[in-house]
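**Q** A single structure is presented below for examination.
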Amino acid sequence: MPHRLFTAAQPCTIILLWRNAGRWINVEVQVSHEPSYAARSLYYWAKSYTDQLSRGDVYSDLSPSVCINLLDFTLFPELSDFHSCFQITEKDHKEYILTEHLEIHFIELSKLDFTAIPNFETAILRWCYYFKNEGNIQEDTMPVLLKDNPAIEKAHHVYEDFTSDEQLMDMAEAHEKWVKDVNTRLKTARQQGLEQGLEQGLEQGLEQGLEQAKIEDAKKMLQEGLEIALISKITGLSEDQVQTLK
């Protein structure tokens with residue numbers, strides 16, 4: 001069972017955090033480009049690492065924390081490989097790794113060709129093809145992907161159950177609409193700032209547009225009965241700000 005599962009305020013699909021084989025695994029699926037995404041991923045790694053200890057615990061109790069970022073955009077255009085992995089290494093001796101406790105993976109789907117079913121040489125390629133094409137793959141080609149891949153077949157059945165549940169689909173569609181609304185409001189704010197011809201106006205427009213979007217989303221979450229602490233974490237608003245919206 002996931003330790004934490006929530007939809008984030010940024011235009012991403014989902015974030016999962018769970019413990020497996022002595023490691024904490026944090027998985028995020030991001031569909032829209034975000035310039036500061038590398039810093040964001042490091043922040044989530046730090047949270048999953050530092051949150052392991054409570055008062056009285058010792059550092060030897062810490063377990064490795066692994067972040068896996070599945071991206072539908074190109075984050076590192078200078079790297080040709082679709083899969084990159086970052087660790088802490090010594091500056092002049094890259095072969096020396098400080099600790100195995102930090103591992104951040106980025107999988108850039110935009111660097112792969114999905115126009116035809118490839119020869120799946122590795123499990124990661126099979127999963128990438130599945131994530132990119134689920135819902136779009138014709139039924140006559142799906143068995144090719146699922147053959148001898150029980151984990152992907154299980155994911156496919158979960159997807160089928162999800163899409164057959166009207167309530168869950170309504171939630172997914174509502175989130176997709178929210179993403180488009182946020183992008184539209186930000187674009188409008190940016191355009192207004194440009195029309196004013198003032199850098200300050202642009203910055204204020206962007207800030208006000210994003211802040212208003214957070215407030216509107218927080219109100220919707222309150223109507224759905226979400227806890228104030230969770231709304232604060234998702235939107236970035238303080239708990240006091242969320243409280244005043246009730």
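We did not get these values from a lab; they are worked out from the coordinates using the rules stated. Keep in mind it's a predicted model, so treat the numbers as computed, not measured. Here the Cβ is made from the backbone with ideal geometry for all residues, glycine too, and neighbour counts use every protein chain on show.
**Q** Provide the packing ranking of 70-77, 98-105, i.e. peptides ordered by the mean count of other C-beta atoms within 10 Å per residue, highest first. Could you put the intermediate results ahead of the total?
**A** Details: 70-77: 16.6, 98-105: 15.0.
Those peptides, ordered most packed to least, come out 70-77, 98-105.
**Q** Report the FRET efficiency, 1/(1 + (r/R0)^6), for N149 and Q223, where r is their Cβ-Cβ distance and R0 is 35 Å, rounded to 0.05. Walk me through the intermediate numbers first.
**A** Values: r = 41 Å, r/R0 = 1.17.
Here the calculated transfer efficiency is 0.30.
**Q** How large is ³J(HN,Hα) for each residue in region 25-40, as worked out from phi by the Karplus curve 6.51 cos²θ - 1.76 cosθ + 1.60 (θ = phi - 60°), to whole Hz, x for Gly and Pro?
**A** 10, 10, 10, 10, 10, 10, 10, 10, 5, 9, x, 9, 5, 4, 5, 4
**Q** Label region 16-129 by shape, choosing from rounded, prolate and oblate, from the square roots a ≥ b ≥ c of the eigenvalues of the Cα gyration tensor; if a/c is under 1.5 it is rounded, and otherwise prolate applies when a/b is larger than b/c, oblate when it is not.
**A** Working: a/c = 1.93, a/b = 1.72, b/c = 1.12.
It is prolate, given that a/c is not under 1.5 and a/b is the larger ratio.
**Q** Based on the mean of other Cβ atoms within 10 Å per residue, sort peptides 49-58, 21-30, 221-230 so the most packed one is first.
**A** Packing order, densest peptide first, comes out as 21-30, 221-230, 49-58.
**Q** Can you give me the C-alpha center-to-center distance between region 24-60 and region 66-118, rounded to a whole angstrom?
**A** 16 Å
**Q** Subtracting the Cα-Cα distance from 0.36 nm times the residue separation, let me have the gained length for T74 to E211 in nm, one decimal. Before the final figure, lay out each step's value.
**A** On the way: separation 137, 0.36 × 137 = 49.32 nm, distance 2.71 nm.
Fully extending the segment from T74 to E211 adds 46.6 nm.
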